[in-house]
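Asker: Just dropping this structure here.
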């Protein structure tokens, strides 16, 4: 069986430059997908009432929706719990965003796990628009972690090639 020489006609410098360009593209893709953590945090702040304007038709957090639907008799404690959960959600997203921009794949995976669990709560609350928004963020974060995985593999291949 014959192996195709994919890099045929390229000099070593051109081959190395193409590999570096691919790594740069993967890094840029990962960075842009990590920015969606900050977009999600902003939309969550908008949808939970942490900002003066509240828009919870398209944007919602399932855990907060479950809390608001099962309000207790102690209004002050109840509101503290709702706003506490919303604030913790925002802080978590911002921290995950900075970690993802730092090149940590676990941040993307943690965001996917967090939003996947929240999607279950959204289905219980019949919030289909928010479910769709969550699915979009899940997709972008999947792409980001995949770009980091490919970047790690490409970097290890280039180190192995240089070592030969």
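No lab work stands behind these numbers, since they all come straight from the coordinates. Quantities reported herein were computed from a predicted structural model and do not represent experimental measurements. Reconstructed Cβ throughout: ideal geometry from the backbone, glycine too, with neighbour counts over all protein chains shown.
Asker: If neighbour count is taken as other Cβ atoms inside 10 Å, put 114, 124 in order from fewest to most.
Answerer: On the way: 114 20, 124 12.
Taking fewest neighbouring Cβ atoms as first place, the list is 124, 114.
Asker: Say R0 is 22 Å: what FRET efficiency, to the nearest 0.05, do residue 17 and residue 153 get from their beta-carbon distance? Provide the component values of the computation, followed by the final result.
Answerer: Working: r = 19 Å, r/R0 = 0.85.
With R0 = 22 Å, the Cβ-Cβ based efficiency is 0.70.
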